[in-house]
1. Looking at region A:59-74, is at least one residue within 16 Å of RNA strand B (Cβ to nearest atom), surrounded by 14 or more Cβ atoms within 10 Å (Cβ to Cβ) and assigned to a loop (DSSP other than H, G, I, E, B)?
2. So the check is Cβ under 7 Å with 6+ separation or different chains; which pairs have a first residue in region A:23-38 that's free of Cβ contacts under 8 Å to residues at least 60 places away in the same chain and a second one that's assigned to a loop (DSSP other than H, G, I, E, B)?
3. Within region A:332-351, identify whether any single residue is at pLDDT 95 or above, part of a loop (DSSP other than H, G, I, E, B) and within 12 Å of RNA strand B (Cβ to nearest atom), and answer yes or no.
4. Restricting attention to region A:133-156, which residues are in a helix (DSSP H, G or I), touching a helix residue (DSSP H, G or I) at 6+ places or on another chain (Cβ under 6 Å) and under 18 Å from residue A:238 (Cα atoms)?
5. If you take the residues in region A:444-458 that are within 8 Å of RNA strand B (Cβ to nearest atom) and under 20 Å from the mean Cα position of the chain (by Cα), which one is farthest from residue A:426 (Cα to Cα)?
6. Just need a number here: residues in region A:437-473 that are outside any helix (DSSP H, G or I) and either free of Cβ contacts under 8 Å to residues at least 40 places away in the same chain or within 16 Å of residue A:569 (Cβ to Cβ) (or both).
7. Anything in region A:550-564 that is buried (at least 22 other Cβ atoms within 10 Å of the Cβ) and within 15 Å of RNA strand B (Cβ to nearest atom)? List them, or say none.
8. Is there a residue being within 26 Å of residue A:146 (Cα to Cα), more than 12 Å from RNA strand B (Cβ to nearest atom) and surrounded by 23 or more Cβ atoms within 10 Å (Cβ to Cβ) anywhere in region A:512-520?
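The values are calculated or read from the model by the stated rules, or taken from the named source; none is laboratory data. For clarity, every value in this text was computed on a predicted model and none was experimentally measured. Backbone-built Cβ (ideal geometry, glycine too); neighbour counts: all protein chains shown.
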RNA sequence: GCUCACGUAGCUCAGCGGAUAGAGCACUUGCCUCCGGAGCAAGGGGUCGCAGGUUCAAUUCCUGCCGUGAGCGCCA
């Protein structure tokens with residue numbers, strides 16, 4: 001138990017419930033006028049038909065002695081109860097939190113298996129900024145959910161099947177397998193795809209070959225499958241390079257491409273048919289979930305099998321649901337997918353529930369996100385007007401970070417600089433993506449994200465590096481101060497300790513709302529409180545050895561929380577920069 | 001046309017039904033006998049898109065309107 005607000009809420013809850021005559025939430029919130037405030041009395045007063053301040057007083061009377069954790073309780077304004085913790089309570093809680101590997105973060109009381117579907121690039125197509133958000137947000141959620149004890153299954157639903165593969169395989173044959181592998185291997189996926197597309201549109205002969213090839217692919221022709229595997233292998237090798245550069249958790253083990261569900265598509269149709277949900281409409285087999293209409297206000301179908309007998313993505317998404325629930329045993333399914341797909345996913349969920357594949361207490365959640373915009377507030381494009389290649393964007397981030405470090409810290413060795421530049425550059429890109437509410441579009445701005453001022457990754461990383469530097473200079477191992485219970489004589493020390501204890505709630509807010517930006521806001525506040533503390537409280541030049549160790553303990557705690565918080569976002573914290 | 005999301009300071013964004021709406025950047029002013037100034041302290045700047053409603057209390061919840069973006073049957 002770390003967050004003191006939760007501790008005090010638990011202590012006040014019985015008193016509130018006693019006064020209310022029913023279970024009653026004290027509604028404890030952070031306060032500008034105290035460490036916290038309990039707002040529960042106002043709502044309760046209305047219910048009981050009494051003055052709010054009287055209710056507050058009754059609650060305090062019923063609460064009994066709280067002096068072990070609270071230095072003062074004051075009824076203020078219309079009926080708020082302002083709460084101030086004792087210094088000793090905060091100090092002891094801080095020491096307790098720091099004695100655990102979880103840094104005081106509560107583990108889940110409902111740990112279960114969660115599938116997170118994210119990234120999902122297409123084979124033989126370039127990864128672009130659109131994949132950035134899914135990959136970065138998904139990865140952060142995976143890390144946070146794992147941290148609190150869930151079993152998280154990463155699923156990278158790559159686009160490795162469908163009609164485009166006819167033309168892609170024929171193009172592969174034209175080029176010769178080795179040449180094609182080389183071209184894909186060096187990462188020119190866009191070129192490859194565009195050439196294939198060009199031939200498909202420009203040549204009837206090629207188009208015919210491509211269509212025949214799709215039939216052979218779907219028919220399981222071994223030679224065709226071998227060529228297809230080459231395409232997939234070279235593409236995923238390229239994806240892995242990008243993932244490695246981006247520093248995300250995804251590996252080949254997480255690949256669950258569309259092709260993996262081929263054998264499950266027919267069962268989807270059969271089970272929907274058996275359930276009596278399948279209908280024929282304009283030659284296609286469809287399900288009409290309730291509440292969805294098209295532009296003519298007619299029922300909107302989810303197409304299970306097309307008029308030509310083929311399947312499309314709705315079918316494979318349903319197969320995914322079945323697979324994730326029945327084979328993997330997941331109870332929560334998260335889809336980190338752009339917001340334009342909201343309706344599609346709602347329909348998939350609706351059909352899955354109608355069919356009974358997704359029990360009521362199972363969660364299927366669309367973790368939607370907005371677009372990446374340029375400074376013109378339109379979808380981010382390269383100078384030439386093309387979509388921006390993710391790989392080149394990441395390279396540019398590292399280049400820019402390298403220049404920045406070379407300027408700010410010229411004495412750093414070249415090897416160190418390369419490593420640190422990677423952490424800073426990639427961290428900056430990830431943080432700028434994660435630090436605003438994911439549902440909104442966000443504006444991509446190199447100068448802002450790489451700035452060492454403001455709410456940016458470099459600023460947070462700097463705060464961390466600075467603390468590491470203090471310990472180097474002090475020639476004291478971080479571990480040696482970890483059993484120290486800090487003294488909190490100065491307001492800045494106290495504020496910092498209280499902030500450290502709120503890491504618990506920050507982590508849980510991020511998880512409960514699936515919103516990494518909550519963690520970003522917290523870490524920025526932590527960094528601000530730290531720099532303020534550091535400015536006002538001498539650490540190495542403290543008046544006494546005891547005070548120095550106490551302040552070093554606060555430094556260590558700050559650095560640990562900062563490093564762990566950034567780690568939950570998938571961002572590294574260098575020891576110097 | 002219908003549906004969904006967004007609209008908060010000049011700019012980029014926080015804001016969990018609660019007290020005088022907050023940061024950062026930019027701007028103004030202090031602090032370089034300073035443990036990394038990549039900083040700290042302070043100041044100016046807002047009819048929270050508009051109008052209703054619910055509530056003791058609305059930037060927050062509901063409805064309508066306006067603006068912006070997106071989606072709306074055989075692409076994924």
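1. The answer is no, given that none of the residues of region A:59-74 is within 16 Å of RNA strand B (Cβ to nearest atom), surrounded by 14 or more Cβ atoms within 10 Å (Cβ to Cβ) and assigned to a loop (DSSP other than H, G, I, E, B).
2. Correct list of pairs: A:27/A:39; A:29/A:39; A:37/A:31; A:38/A:26; A:38/A:27.
3. no
4. A:136
5. Step one: list which residues in region A:444-458 are within 8 Å of RNA strand B (Cβ to nearest atom), which gives A:445, A:448, A:451-456, A:458.
Retained after the next criterion (residues that are under 20 Å from the mean Cα position of the chain (by Cα)): A:455-456, A:458.
Working: A:455: 15, A:456: 12, A:458: 10 Å.
Ranking the candidates gives A:455 first.
6. 8
7. First, the residues of region A:550-564 that are buried (at least 22 other Cβ atoms within 10 Å of the Cβ): A:550-559, A:561-562.
A:550, A:551, A:552, A:553, A:554, A:555, A:556, A:558, A:559, A:562, listed by residue number.
8. No, that holds for no residue.
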